[in-house]
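Single-structure report; data block below.
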Amino acid sequence: MADQLTGQPVAHPPPTPLLEMRSVTKTFPGVAALDRVDFTLRAGEIHALMGENGAGKSTLIKVLTGIHARDGGDILLAGKPVEPHSTIQAQKLGISTVYQEINLIPELSVAENVFLGRQPMKLGAIRWRSIRRGAEAALARLDLSIDVTRPLISYSMAIQQMVAIARALDVSARILILDEPTSSLDENEVTQLFRVMRRLKDGGLGIVFITHFIDQVYDVADRITVLRNGRLVGAYETAELPRIELIAKMIGRSVSDESAAEAHRETEADSTAKQPFVQVRGLGRRGAIAPFDLDIFPGEVVGMAGLLGSGRTEAARLIFGLDRADAGTMRIGGEPAKRTSVRRAIARGFGFLPEDRGRQGLVPDLSLRENIILALQAKRGWLRTLSRARQTEIAERFIKTLNIDTTDTDKPIRLLSGGNQQKAILARWLATEPALLILDEPTRGIDVGAKAEIQRLIARLRRDGMAILFISSELEEVVQSSGRVMVLRDRVKVAELCGEDVNEGRIMHTIAEAHVA
Amino acid sequence: QDSEQDDAAVGGDAEKTITVGFSQIGAESAWRTAETESIRSEAANRGVNLKFSDAQQKQENQIKALRAFIAQQVDAIILAPVVETGWEPILREVRSAGIPVILVDRGVNVSDDSLFATLIASDFVEEGRMAAMWLVEKMDGTGNVVELKGTTGSAPAIDREKGFHEILDAQPGMTIIKSQTGEFTRAKGKEVMEAFLKAEGDRIDAVYAHNDDMAIGAIQAIEEAGRTPGTDVIVVSIDGVRAAFEAMVAGKLNCTVECSPLLGPAAFDAIEAVLAGETLPKNTVVNDRIFDQSTAEAELPNRRY
Amino acid sequence: MIARLMRQYGTLAATAVVCALLYVIAGVRYEYFFSWRVFFAFFSDNAFLGIAAVGMTFVILSGGIDLSVGAMIGCASIIIATLVEVAGWHPAMAVLCVLVLGTLFGASMGGLIHRFALPPFIVTLAGMFLARGVGFVVHQESISIEHQFYPAILDLPAGLARAAHLSDDAAQLVGLFVQPTAVVFLLVLAVGIYLAHMTRFGRNTYAVGGSEDSALLMGLPVGRTKVQVYALSGFCSALAGAVYTLYTFSGNPTAGTMLELDAIAAVVIGGTLLTGGVGYVAGTLLGVLIFGIIQTAINFDGSLSSWWTRIAIGFLLLIFILLQRLLQRTLGNAST
Amino acid sequence: MSKTPVTSSRAPVPRIVWPIIALALVLGFNLLFTHGFCQIEVRDGRLYGSLIDIIDRAGPVMLVSIGMTLVIATAGIDLSVGAVMAIAGAVAAGLVAQPDYSVLSNFDVGGSFVIAAVAALLISAIAGAGNGTLVAICGVQPIVATLILMVAGRGVAQLLTSGQIITFENESFAYLGNGFLLALPVTVSIVLVVFIIVSLLTRKTALGLFVEAVGGNPVASRHAGLRSGAVKIAVYTVCGLLAGLAGLIAAADIKAADANNAGLYIELDAILAVVIGGTALTGGRFSLAGSIIGALLIQALTTTILSRGVPVEYTLVVKGAVVIAVCLLQAERFRSMFLHVVRRRT
Ligand SMILES: Nc1ncnc2c1ncn2[C@@H]1O[C@H](COP(=O)(O)OP(=O)(O)OP(=O)(O)O)[C@@H](O)[C@H]1O
Ligand SMILES: Nc1ncnc2c1ncn2[C@@H]1O[C@H](COP(=O)(O)OP(=O)(O)OP(=O)(O)O)[C@@H](O)[C@H]1O
Ligand SMILES: [Mg+2]
Ligand SMILES: [Mg+2]
């Protein structure tokens, strides 16, 4: 467990906190996103900001950094009132931020993204070499060694998130804000990030850390501020707030050990009798993933485990037909499936929740309702148009089952909070009632309550006979949900574990074993 | 002359076919197409190898064409300049390459008139004057006129306006009450005339159009407004294309001033003369005739464009 | 290393290859095409289009568009001509004045676009109407510039060559081939490449075009960059107008009609994405050259009627673009 | 404490209100200052007046901008509409009039306007589909893909007419441009029918959603199983078809096919209309009604300039200034700044 000493609270607060937000209020049409919220950040602390999806965490950050104008309240920086109107001004005040959605320039190289706006110059010319070196060094601090000259977009979400963090860490700031920086990272990366965060903290930096991972909070945070429905619930020393209470404060009622109930692992009983829904044989694509075999039975959850960049997403994309396989065959429901395409896959009952919801999931200007019914409507074709009433009914059903926080179904989806957007894209695929649902990091950015909800949902869908392919960076989650786990390393399938072997230790071991081999 | 060697070459080798470059403005109207056709067919008749270039209304394209002609060492160049200005540098280049230039259609504005051999063109200002004088006579010096101008800034539009105004300004009884560009097209001519008719109602006694196409558009607008073109509203225009004659025969157009595009024969006569070492007058004005309804029918069968 | 270069400059390479191919085919097909005169003319004849296109490249890289460049050329040229011929200014002063005006004009369009979040297309379309209109208001008719400054500039390269003790013949050749317009174009191009790749302004332009929202959140000066980009484009098109006066010794309010489309096409054919954020200034040179080669080849052919000329231009463009796409794809695949 | 809103909340008024206000302002100006502009009389059972002219003249631009709206909604653009108009006019007029200089005289349709029109529309649709194929399948940027047809298409039209203006005397053809239906120019009915059909297709079926999704986020659309290629080809085809229809009307209007000038620069007007109407060039949400209002606004402006006798050299300055003004009126930030200043004054 986390070493509590690093999080030792200071006995009494220093006279002037680094940052003080007093009674900050922000209203969007129909939503009171922040209602008289107070927030203080001390120098040399890591302060977790917690709350359910849509609680107002990101909005608080955006008000602080001048993206949204607040409707009321004061912001004091080291005791002096400040009025940032833009990120530039916030940066000048010493506030460095990683926003929830990765905000980098996809087409530019990784190195350039790290240094944009503050490139080293010599004789009026950018020094590209030192940018490259600097970026490599900045990433090395996070234990990442990649080709920094490649465009950012050629890397997975996790890498992109690391680059964004590296950029924020690399500037000398007084305050560092990280809005869900770890949502796509796996354990190694998180450990690495925390090491750096602690070092910065020791250097006197104030860090605001937003996450939905309770463990991580207890691992690294000194204090916790909890928001609920745009209101402040309270600020607590981490050491003095038991987990169960934290969750209770976030969701506003005491939990009857809800999340603990998750422990009942789904053990697979009889998959032998049935025929696999999908039968993959030697499917592969050069440079992406080595040929692999996989059977997925109806009523079964198959997990995929592996390190960052091990090829999980690539395997899923091949199965779904997003990329063309250059080897192998696939049988769906026993019949051979030739040259799959996305449309054919969807017609055969496939669904695919992508890891990058911003680029691959959302159509930002369309409403929540339209985003939810998009795949279903595409599957039906334009001649069989869903009536408006039917669309609303579907949207409302999922808003209820997934507990999506929104004022109405016609709100443009870009105005929803990150976690709620994620739920909407999940709803899009559930609405198609797929026979095989591929979930790539489905719980990314989703709060504890909803995560438990989604896991229950997965279990129910499985019982109803759906086949599910489940990818997550959280091993615990994979283990809890899956009856069988396919383990990948370096774009090669190294093992398939089932039954008793499906536990975190065994999986880690398998990955490590492969490392040695 | 600079072109002595060339002359010798051509003179010495009589059966060698000569090559002529022709830089045309574009194909924006039937009139221009007729001009192109006239020069092409004349070249074919005389066994001249013609290099044709269509500049799509852009001066820079014409300059490019001239450069290409220089590079290909043509014997002479026919240039229908899109504007009068801007030819000095390129014509100097052409001269230093020893290639004679025959201008057609309109002149160029250069400091040194040795830069071209001759100009074969109608006088646009005179055309405007002729139209105006005919109109003054027809209307006994009283009445309201609307003017449909050519493309803003183009030489014929400016000159035809100039000549027309010159005469009309001296007529106290006649006023130009509206004047707008119809961009030399039927559609625009009709649209502008429609608006004029709405704005001025029955005050309009005559229409002066800078070309026949706009006049034909205007005639349709007049008819649709319930008035009779040719009698209620006098219509005069310039160019003398076939359609204008048909309109005159039908009594809808009153008068057109010919602006002949059939410059091919004259142009090649000039080229032969220059290549034979003759010096030509700098300006060969094409004699433009004026036609009205009384002469239209007789002329109609002769119209080729 | 090679893979990286291929990946980075693949589009550029594909464009260059097809451009060279076009040149060679035309050269083999038409006598005299492979002459220095023709080669240098590609640069001098397309100088003002090229200069405007360099400015346009920045605008397009930033995710915008500037429809006012053609009108600006006409407007600038007629203002210069009027100042010189009617008001009696020295041409250098007139050019300077126009450059300042053009820059301010561009900057104000950029300001409107940024300050009020207006679509660049309409703002610059209105700018096009205004610039063209102002040109007509200044002087409806084109004006010849008779000032001796112009021929002097034109003779400058030859004069310099003589001063450098070259033989008379050589000096004459220099005078023929080294056109001041082409020199200005190549200078602008070089400065453009430098700005795009070696300055923060250039990189911010890419960032704004790549994702304006992200650039804003990264703390980049989005507004300033946008204003600068349009100011640069205004400057370039005013300079193009000045080059036009040098090219023709005249000012003409109708000059550059629809040139903005050619400029945009040159930029896009050069591999710059109209959606912004991706592309190269050097590609724009290739785009301009491709247009020049097609045009010149058709001139050399000399047998096409007006309509076949248009059809041939379209057809050649089509072939070119399909080839470019094909090469791009194969090069792209080879590098991954 | 004073605050400048960086991102203010969305205005509750629908976007289309602003172009309507702009149009109303232009018409209101004329009502007050241009004599007889807003008069409508009945002559021979037909309505007659400048207002009627505006809706009549705006016909081709309205048709083209309906197609253009769809194309722009998919984040595309179509520069070739003018050339397609010219081709359609040339084909129809050539087939009907059979002039001996045109290659079209080899195809005898017995003077039937219907056959000629169907042929013209078919060719226009094929041209549009060609654009769509270049964009969707070959992956060429829309502006370049359609530029090709813009250049070559007019050449084809000129080839068909041999550079001549083909004049025809065909009553049913001419009716398309000059006829009246229910006291209104027949163009009005055509535009209305097209508008209703396209609106129904896009709003009552999922087609509109598909178009907006493809334009809003092409990658996400592909993931969701949309056939973005087919959607794009379809919208370019529709755009070509409507441009062809506009070309027929333009030809019918002057009872002639002028391949050199028909539809010249109409692409700019159409794009302007679409953008004024509230559809962003970056694709996504579109408004057909907005585009119609935009087209009417542009034509109202042109007619105003013509009726008021603005000197030629000032025409463009006026047009530019009005376009800027309309833009600013639409800009939320300008309005809030304006209100701010007004409030401070009072
Ligand atoms: N620009 C906006 N316009 C309208 N409503 C908004 C806007 N931004 C946020 N909201 C609303 O404000 C509320 C708070 O959103 P916020 O993004 O702060 O939540 P969050 O706590 O960060 O949630 P998550 O954990 O899902 O990221 C939500 O209901 C959201 O829909
Ligand atoms: N460590 C790495 N080094 C180099 N490239 C990587 C690395 N990790 C990911 N990538 C790039 O990111 C892309 C996506 O990787 P992949 O889909 O295999 O990741 P994954 O197994 O889904 O893991 P995760 O989604 O957690 O990053 C790949 O195309 C690969 O080029
Ligand atoms: Mg958030
Ligand atoms: Mg992944």
Review point. In the set C:LEU232, C:LEU239, C:LEU285, C:LEU274, which member is away from chain B (no Cβ under 14 Å) and part of a loop (DSSP other than H, G, I, E, B)?
Key: C:LEU274
Practice item. Please find, within region A:149-159, the residue that is farthest from ligand 4 (Cβ to nearest atom) out of those that are of a type in the set (A, V, I, L, M, F, W, C) and away from chain C (no Cβ under 11 Å). Key: A:ILE159
Practice item. Please find, among B:GLY47, B:GLY98, B:GLY11, the residue that is modelled with pLDDT under 90 and more than 10 Å from chain C (Cβ to nearest Cβ). Key: B:GLY11
**Study point:** Whichever residue in region A:346-379 is in a loop (DSSP other than H, G, I, E, B) and facing chain D (nearest Cβ under 8 Å) and, among such residues, is nearest to ligand 1 (Cβ to nearest atom)
**Key:** A:PRO364
Exercise for review: Being farther than 16 Å from A:GLN377 by Cα, within 11 Å of another protein chain (Cβ to nearest Cβ) and not hydrophobic (A, V, I, L, M, F, W, C) is the filter here, so list the residues in region D:180-215 that pass it.
Suggested key: D:PRO185, D:GLY215
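Here is a yes/no grid of residues against (1) closer than 30 Å to C:LEU289 by Cβ; (2) free of Cβ contacts under 8 Å to residues at least 24 places away in the same chain; (3) basic (Lys, Arg); (4) outside any helix (DSSP H, G or I):
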| residue | (1), (2), (3), (4) |
| --- | --- |
| C:PHE185 | yes, no, no, no |
| C:VAL188 | yes, no, no, no |
| C:TYR194 | yes, yes, no, no |
| C:THR205 | yes, no, no, no |
| C:GLY209 | yes, no, no, no |
| C:ASP213 | no, yes, no, no |
| C:GLY223 | no, no, no, no |
Review point. Does any residue of region C:240-259 turn out to be farther than 18 Å from C:THR284 by Cβ, among the polar types (S, T, N, Q), touching a strand residue (DSSP E or B) at 6+ places or on another chain (Cβ under 7 Å) and in contact (Cβ under 8 Å) with a residue 12 or more places away in the chain?
Key: yes
Review point. With respect to the numbered conditions (1) surrounded by fewer than 24 Cβ atoms within 10 Å (Cβ to Cβ); (2) at pLDDT 85 or above; (3) farther than 16 Å from D:ASP269 by Cα, which one is the sole condition not fulfilled by D:ALA92?
Key: (1)
**Study point:** Failed criterion for C:GLU85 (all others in (1) within 25 Å of B:GLU60 (Cβ to Cβ); (2) charged (D, E, K, R); (3) touching a helix residue (DSSP H, G or I) at 6+ places or on another chain (Cβ under 8 Å) hold)
**Key:** (3)
Check your understanding: Of everything in region A:431-459 that's touching a strand residue (DSSP E or B) at 6+ places or on another chain (Cβ under 8 Å), within 14 Å of chain D (Cβ to nearest Cβ) and farther than 17 Å from A:THR313 by Cβ, which residue is nearest to ligand 4 (Cβ to nearest atom)?
Key -> A:PRO434
Review point. Looking at (1) modelled with pLDDT under 90; (2) more than 9 Å from every other protein chain (Cβ to nearest Cβ); (3) closer than 28 Å to C:LEU49 by Cα, can you tell me which one B:GLN62 breaks?
Key: (1)
Study note, to complete from the structure: Scanning region A:429-454 residue by residue, the ones that are within 16 Å of ligand 2 (Cβ to nearest atom) and either farther than 29 Å from A:ARG390 by Cβ or in a loop (DSSP other than H, G, I, E, B) (or both) total 5
Check your understanding: From the set of residues in region B:212-249 that are among the polar types (S, T, N, Q) and more than 12 Å from chain D (Cβ to nearest Cβ), which is nearest to the chain's Cα centre (by Cα)?
Key -> B:SER237
Exercise for review: Would you check which residues across region A:22-38 are within 25 Å of A:PHE213 (Cβ to Cβ) and either surrounded by 22 or more Cβ atoms within 10 Å (Cβ to Cβ) or within 16 Å of ligand 4 (Cβ to nearest atom) (or both) and list them?
Suggested key: A:ALA33, A:LEU34, A:VAL37
Revision key, fill the gap. Checked pairs for region A:293-321, first under 25 Å from D:ARG222 (Cα atoms) and within 14 Å of chain D (Cβ to nearest Cβ), second among the hydroxyl-bearing types (Ser, Thr, Tyr) and within 13 Å of ligand 2 (Cβ to nearest atom), C-beta under 8 Å and 6 or more apart or across chains, list as A:THR313/A:SER156
Exercise for review: Could you check A:TRP382 against (1) more than 16 Å from ligand 1 (Cβ to nearest atom); (2) within 24 Å of A:ILE454 (Cβ to Cβ); (3) not small (Gly, Ala, Ser); (4) not in a strand (DSSP E or B) and say which number it fails?
Suggested key: (2)
Review point. Which residues, counting only those in region C:120-142, are crowded, with 24+ Cβ neighbours inside 10 Å and not in a helix (DSSP H, G or I)?
Key: C:SER142
Exercise for review: For region A:47-57, indicate whether the set of residues that are buried (at least 22 other Cβ atoms within 10 Å of the Cβ), within 27 Å of the chain's Cα centre (by Cα), within 14 Å of chain C (Cβ to nearest Cβ) and not basic (Lys, Arg) is non-empty.
Suggested key: no
Check your understanding: Among A:GLU112, A:GLU136, A:GLU189, A:GLU107, which is in a helix (DSSP H, G or I), more than 16 Å from ligand 1 (Cβ to nearest atom), within 11 Å of another protein chain (Cβ to nearest Cβ) and among the acidic types (Asp, Glu)?
Key -> A:GLU112
Study note, to complete from the structure: The residue from A:ALA111, A:ALA90, A:ALA137, A:ALA78 that alone is closer than 19 Å to A:LEU18 by Cβ, free of Cβ contacts under 8 Å to residues at least 40 places away in the same chain and more than 16 Å from ligand 3 (Cβ to nearest atom) is A:ALA90
Check your understanding: For region B:71-82, what are the residues that are out of contact with any strand residue (DSSP E or B) (no Cβ under 7 Å at 6 or more places or on another chain) and buried (at least 24 other Cβ atoms within 10 Å of the Cβ)?
Key -> B:VAL82
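The values are calculated or read from the model by the stated rules, or taken from the named source; none is laboratory data. Since we're looking at a predicted model, the values are computed, not measured. Ideal geometry is used to build each Cβ from the backbone, glycine not excepted, and the neighbour counts take in all protein chains shown.
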